[in-house]
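The values are calculated or read from the model by the stated rules, or taken from the named source; none is laboratory data. A quick note: this is a predicted structure, and the numbers were derived from the prediction, not measured. Neighbour counts are summed over all protein chains in view; Cβ atoms, including those assigned to glycine, are modelled from backbone coordinates with ideal geometry.
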Amino acid sequence: MSSARGGGVPADVMSRSGAPVLDVAVIGGGAAGCAAAIRLAAGGADVALVQDAVASQPAIDLLITSVAVQALRELPALQLAAHHEIESIRLRLPGRPVRTLADAGAYAIRSAVLYDALFFAAMSAGVRLRADNAISIDRAEWGFEIRTQVRRSPLRARHLIVASGGRGIGVPKMAARDTTRRTTAVAAECAGAAPAEDTGMEMVFIPPAATALDGPALSVWAVPGPTDDRVTVRVAATNYDGEDHADLLERGLDALQAQAPGLGPLDRRGPLVAGPLDSGYSRERVAAADGLLIGDAAGLVNAFTGEGLSYALESGTIAADAVLAYRDEPDAAQRAYVRRVDFVFAGSLEASRRAVRRDHLAWRYLSDAAESEHPFLAKGRRAILLPEGLEGITRPLVAPLDPQLQALAGPFLVACDEVMISTIREDWPFLARMAVTGVSADERLRPALLMLASALAAGRELDVRHAVLGGGLELAMMGALAFLGAAPDLRRQRGLDWSQVSIVVGGDFLLGQAARLIARSGPAVSLSFAQWLADLTILRAQRLAGCPDVTAAATTAALYEFPALLGAELAEADDATVETLRDIGAECGRAFLHVDELLALSGRRTRLDTTLEFLVENRLASDGLATGDAAQAAAPRAEIAAAERRGRAATARLPQSAGRELLEAFLRGICRPAED
Amino acid sequence: MTDTAAAGTAEFDLAAFAELVSERIRLLTRALGSELEPVVSGLVDRPGKRLRSRLVAICASLGKLSDLAGVVRAGAVVELLQIASLLHDDVVDQADTRRFAPAAHVSHGVESALLGGVACFALAGTEAAELGSTANAVTARAVADLSRGEMLDVERAFDVKLSSEDYLAVVEGKTAPLFRLSCQLGAVQGRCDQEVSRALAAFGGDLGVAFQVLDDCLDIEHAGTGKPGGRDLALGLFGAPILCALQAAGTDRELAGLLLSPDFDGVDMRQVCELVERYDGVVTARALAEARLDRSLDALTAVPAGPGRERLAQLVDGLRGTGA
């Protein structure tokens, strides 16, 4: 099979033997390989995909998370027909209240439908297919030579991308790696499901014992099937002793039956799809490989859920971009890939003794935190189970920003993210994921943007050197969030109460790192930070104590005043301008709270990722707002309108500038969901 | 290397100094208002040994001291940070009493206690910022290190395979930074020269590690005598003697089995102590602490001789005697 654009291989890419050297060979035609190949071909590269005649796909359904959805949307010419939209995920743990992850943005799709579509899209993008089995990879000065089973002539390419799964060719052998995790996955289609009452999906987790660092743990998904009575049950077991896959599926079914009895008694109908999962990503593994390891081949699998599709698509995309950026320099492409992939995934997936401790911590957290809708815990839960890709951090920020403003703010915010993420990800990767968990990638209301806009409005341009401060500011805001609202008391159990511990230790960690980053801008900025934090705690304590003149919105107003104040101080603005910018920040903070009230009233995912009940119980919601009465929406609506009006009046006091436009866009962005 | 004549120009009455630090902290915490001030006042009014602010004073006395108020404020920084971590630790460690009174989270509620801790952290930040850029920078570094150490400390819960080396790295994070900061701030306020400042920072770090390891030893030696060492075990936070014993026990899983028992309340503390003794846990841990104390004394050789240095050496000797 030849490429639609094939044939014209220039002479300078001929290897010594005269065989043409392609730009890229991709070994493995799964999700990762196809995604990389499609993106490369779309970028104008000459790509060959080495994939044996495709075995028929098992009759199971897959879950496509919102991250995977986003990655798939960016692939050209891909036509997908998912049979189910999954709007929410119900999280069940033994002895804990059920928690719902709203606005999951996920889909269920037939395995064959997804893989056929990816494969077809690769072919129509002009990817050459070598329908054969790779048997050896050799390095040559001009690139890589891949021998395949049937065709005698080797395939020659300058770049190599290895997407051959956890045990394929080009992948370091399991035994040769530090495999601190042992994860096995099985899946099968089952019948007998009760008709679904909504668009939710069930996930059951059986965490390891509190005292057993490497004890067995189970995660079970019930992915809706194409017909009402069918579901695909997928079980991922960590540290499971035993080889019997059928037994593992039975355990999963038992767990589902016990925790989610509403699903009905399920019977296996389809064949069992099973195998080990490799979640042993490490920088060294990817750096030492021949070519670019992507997807399962790189050990990129979520150790808690066993989910690998989103990582496969993300890493495939990163690999393709690295190759396109360094077309003539394979080593540079690999270095760029390693750097980026490590930035995006490091910590959260690596294999080491510390990773074992951290995994256990995450399991405890998942379990204990299920007792609460505290924003810090709810965001953390989401970050572990449905991690939103760090790739998303380079996307537009407050939509819709016009391209000029985007160009002004984009690089600065990306630099802030880099600072923020690299400060915390190695110690607490879930916090790093949490840092970028927004309502959606294009709607993150970044405090750093408010700081930048304020500085610009006051006549000072910020450059990437201020990104250290911007990153510190973001960590400070997230740390402050941890201390708003209480977690339940779980002291009846053995060991630490992880919901409490996560709040305290996580909040302290964020504030501590923030203090260090902020101090690099000097004592005057440190002083503003410390005074702001003291004032915030005083306000919150007054609110808690029921002081009549302290509203809920006063706290969020104080929260958002700070970035505006920092921007004003950086610009050495005059007193009147400082006041105006503070006012704008405060109005943004008020609107933020009332928008969350409105979202919570209508049962949608809030920006704090919490519920109305939690807001009300913790005095984080406005007085008079009560749970269970959706008719109250008028009050927050009026408040949002008023905050926006006051905010606009304040921006009108500023001279016309790009900074003012950014402030207006920020205010609009904060108030936007209210217009729905 | 040093000018011994310049050393010890300022002598402190440490008791009077402690009172000045308390006054300063009271002044600062009064600004927290009637909701938050009572949450922290208990710990302000019932201070511990004030070891950290004493270090500030002694180290400041080693240099060309001119501004006593600045030293007092530096003392307030480290004591406020200590109060902040106690308020938060008591929530993490589920401790119901602190210094013979109900812990703040018991008397004022968890969220208020946590807010009180954050407020003290913030007040320490305002003080440090007003002490100038060096004091601000070393304080910021220390709080970042401390918060990371706090995290490492809980992350390792129930890890019976944690080596004593890895545990010392945890202690470097959770206890050493505040001791080191105390010495650094003292040196900054006393305007000590760079070499002396560096030596004092090294001294403080080693002293802090030794302090924590010896404290762990006391928990085991005094187990069953009222000191609540058993709670850390219930939480899975094993101290130096236990980790040393676990390491020495090798394939003998008896101690590990006891520590990981799901029903820990039923476990006999005496049995744990016996096993720790069988594997020389306390002896090994004490040796680790001694090594750090020796190293801290080595660091002092770069400090000018005089009463200030004597006092630091006495602090080390005082620790050596702990529980012996």
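Can you tell me which residue among B:L81, B:L86, B:L115 is on the phi < 0 side of the Ramachandran plot, within 7 Å of chain A (Cβ to nearest Cβ) and touching a residue at least 12 places away in the same chain (Cβ under 8 Å)?
Details: B:L81 fails: within 7 Å of chain A (Cβ to nearest Cβ); B:L86 fails: within 7 Å of chain A (Cβ to nearest Cβ).
Being on the phi < 0 side of the Ramachandran plot, within 7 Å of chain A (Cβ to nearest Cβ) and touching a residue at least 12 places away in the same chain (Cβ under 8 Å) holds for just one of B:L81, B:L86, B:L115, which is B:L115.
Could you check, for the range A:574-586, whether at least one of its residues is crowded, with 23+ Cβ neighbours inside 10 Å, assigned to a helix (DSSP H, G or I), among the basic types (K, R) and modelled with pLDDT of 95 or more?
no
Would you point out the residue of the range A:45-74, among those that are of a type in the set (S, T, Y) and surrounded by fewer than 23 Cβ atoms within 10 Å (Cβ to Cβ), that is farthest from the chain's Cα centre (by Cα)?
Checked the range A:45-74; the qualifying residue farthest from the chain's Cα centre (by Cα) is A:S56.
Tell me, please, whether a residue that is more than 7 Å from chain B (Cβ to nearest Cβ) and within 20 Å of B:H88 (Cα to Cα) can be found in the range A:539-556.
We begin by selecting, within the range A:539-556, every residue more than 7 Å from chain B (Cβ to nearest Cβ); these are A:539, A:543, A:546-556.
Next, from what is left, pick out any that are within 20 Å of B:H88 (Cα to Cα): A:539.
Within the range A:539-556, one or more residues are more than 7 Å from chain B (Cβ to nearest Cβ) and within 20 Å of B:H88 (Cα to Cα).
Within the range A:179-231, can you find the residues that are assigned to a strand (DSSP E or B), in contact with a Ser or Thr (Cβ under 7 Å, 6 or more places away or on another chain) and of a type in the set (S, T, N, Q)?
Across the range A:179-231, the qualifying residues are A:T183, A:S219.
I'm checking my understanding of the structure. Among residues of the range B:254-305 that are small (G, A, S) and within 14 Å of chain A (Cβ to nearest Cβ), which one is surrounded by the most Cβ atoms within 10 Å (Cβ to Cβ)?
Let us first name the residues in the range B:254-305 that are small (G, A, S), namely B:256-257, B:261, B:266, B:281, B:285, B:287, B:289, B:291, B:296, B:299, B:302, B:305.
With within 14 Å of chain A (Cβ to nearest Cβ) added as a condition, the list becomes B:256-257, B:261, B:266.
Values: B:A256: 17, B:G257: 12, B:S261: 13, B:G266: 7.
Among residues in the range B:254-305 that are small (G, A, S) and within 14 Å of chain A (Cβ to nearest Cβ), the one surrounded by the most Cβ atoms within 10 Å (Cβ to Cβ) is B:A256.
So which residues in the range A:517-529 are surrounded by fewer than 24 Cβ atoms within 10 Å (Cβ to Cβ) and either among the charged types (D, E, K, R) or within 8 Å of chain B (Cβ to nearest Cβ) (or both), if there are any at all?
Answer for the range A:517-529, where residues must be surrounded by fewer than 24 Cβ atoms within 10 Å (Cβ to Cβ) and either among the charged types (D, E, K, R) or within 8 Å of chain B (Cβ to nearest Cβ) (or both): A:R520, A:G522, A:P523, A:A524, A:L527.
Just a yes or no: is a residue in the range B:214-235 at pLDDT below 95 and within 11 Å of the chain's Cα centre (by Cα)?
Yes, there is a match, as at least one residue in the range B:214-235 is at pLDDT below 95 and within 11 Å of the chain's Cα centre (by Cα).
Keeping to the range B:160-200, report how many residues are within 11 Å of chain A (Cβ to nearest Cβ) and in contact (Cβ under 8 Å) with a residue 60 or more places away in the chain.
Of the residues in the range B:160-200, 4 are within 11 Å of chain A (Cβ to nearest Cβ) and in contact (Cβ under 8 Å) with a residue 60 or more places away in the chain.
Test each condition in (1) in contact with a helix residue (DSSP H, G or I) (Cβ under 8 Å, 6 or more places away or on another chain); (2) of a type outside the set (S, T, N, Q); (3) part of a helix (DSSP H, G or I) for A:V113 and report the one that comes out false.
The number of the failed condition is (1).
Among residues belonging to the range A:595-628 that are touching a residue at least 12 places away in the same chain (Cβ under 8 Å) and more than 23 Å from A:R382 (Cα to Cα), point out the one that is surrounded by the fewest Cβ atoms within 10 Å (Cβ to Cβ).
A:D623
Give the number of residues within the range B:26-43 that are crowded, with 19+ Cβ neighbours inside 10 Å and away from every other protein chain (no Cβ under 14 Å).
The qualifying residues number 2.
Of the conditions (1) buried (at least 24 other Cβ atoms within 10 Å of the Cβ); (2) at the interface with another protein chain (Cβ under 8 Å from one of its Cβ atoms); (3) of a type outside the set (V, I, T), A:G567 fails just one. Which one is it?
The failed condition is (2).
Pick from the range B:100-112 the residues that are more than 10 Å from every other protein chain (Cβ to nearest Cβ) and surrounded by fewer than 19 Cβ atoms within 10 Å (Cβ to Cβ): which of them is nearest to A:A545 (Cα to Cα)?
If we filter the range B:100-112 for residues that are more than 10 Å from every other protein chain (Cβ to nearest Cβ), which is where we start, we get B:100-104, B:106-107.
Right, trim to surrounded by fewer than 19 Cβ atoms within 10 Å (Cβ to Cβ) and you get B:100-102, B:106-107.
Values: B:F100: 26, B:A101: 23, B:P102: 20, B:V106: 16, B:S107: 14 Å.
Filtering the range B:100-112 for residues that are more than 10 Å from every other protein chain (Cβ to nearest Cβ) and surrounded by fewer than 19 Cβ atoms within 10 Å (Cβ to Cβ), the one nearest to A:A545 (Cα to Cα) comes out as B:S107.
Among the listed residues A:A487, A:A453, A:A480, A:A457, identify the single one that is small (G, A, S) and under 24 Å from the mean Cα position of the chain (by Cα). So that I can check it myself, show each step before the final result.
Numbers: A:A487 fails: under 24 Å from the mean Cα position of the chain (by Cα); A:A453 fails: under 24 Å from the mean Cα position of the chain (by Cα); A:A457 fails: under 24 Å from the mean Cα position of the chain (by Cα).
The unique qualifying residue is A:A480.
Exactly one of (1) in contact (Cβ under 8 Å) with a residue 40 or more places away in the chain; (2) at the interface with chain A (Cβ under 7 Å from one of its Cβ atoms) is unmet by B:A140. Its number?
(1)
With the requirement that a residue be crowded, with 19+ Cβ neighbours inside 10 Å and more than 29 Å from the chain's Cα centre (by Cα), what does the range A:252-270 give you?
The answer is A:L266, and nothing else.
Could you tell me how many of the residues in the range B:89-136 are in a loop (DSSP other than H, G, I, E, B) and either closer than 25 Å to B:E155 by Cβ or modelled with pLDDT of 95 or more (or both)?
Of all residues in the range B:89-136, those in a loop (DSSP other than H, G, I, E, B) come to B:93-96, B:99-100, B:103, B:109, B:131-132.
Checking which are either closer than 25 Å to B:E155 by Cβ or modelled with pLDDT of 95 or more (or both) leaves us with B:93-96, B:103, B:131-132.
Summing the residues that are in a loop (DSSP other than H, G, I, E, B) and either closer than 25 Å to B:E155 by Cβ or modelled with pLDDT of 95 or more (or both) in the range B:89-136 gives 7.
Would you confirm, using the coordinates I've provided, whether B:A245 is assigned to a helix (DSSP H, G or I) and either touching a residue at least 12 places away in the same chain (Cβ under 8 Å) or buried (at least 16 other Cβ atoms within 10 Å of the Cβ) (or both)? Full working, then the answer.
Details: assigned to a helix (DSSP H, G or I): yes; either touching a residue at least 12 places away in the same chain (Cβ under 8 Å) or buried (at least 16 other Cβ atoms within 10 Å of the Cβ) (or both): yes.
It is true that B:A245 is assigned to a helix (DSSP H, G or I) and either touching a residue at least 12 places away in the same chain (Cβ under 8 Å) or buried (at least 16 other Cβ atoms within 10 Å of the Cβ) (or both).
Mind checking which residues of the range A:82-106 are of a type in the set (A, V, I, L, M, F, W, C), within 22 Å of A:P375 (Cβ to Cβ) and buried (at least 16 other Cβ atoms within 10 Å of the Cβ)?
Step one: filter the range A:82-106 for residues of a type in the set (A, V, I, L, M, F, W, C), giving A:82, A:86, A:89, A:91, A:93, A:98, A:101-102, A:104, A:106.
Those left that are additionally within 22 Å of A:P375 (Cβ to Cβ): A:89, A:91, A:93, A:98, A:101-102, A:104, A:106.
The answer is A:I89, A:L91, A:L93, A:L101, A:A102, A:A104, A:A106.
Working only within the range B:118-137, note down all residues that are among the β-branched types (V, I, T) and more than 7 Å from every other protein chain (Cβ to nearest Cβ).
B:T134 - this is the single residue of the range B:118-137 that is among the β-branched types (V, I, T) and more than 7 Å from every other protein chain (Cβ to nearest Cβ).
Sort out which residues of the range A:83-110 are over 21 Å from the mean Cα position of the chain (by Cα) and part of a loop (DSSP other than H, G, I, E, B), and write them in order of number.
Across the range A:83-110, the qualifying residues are A:H83, A:L93, A:P94, A:G95, A:R96, A:P97, A:V98.
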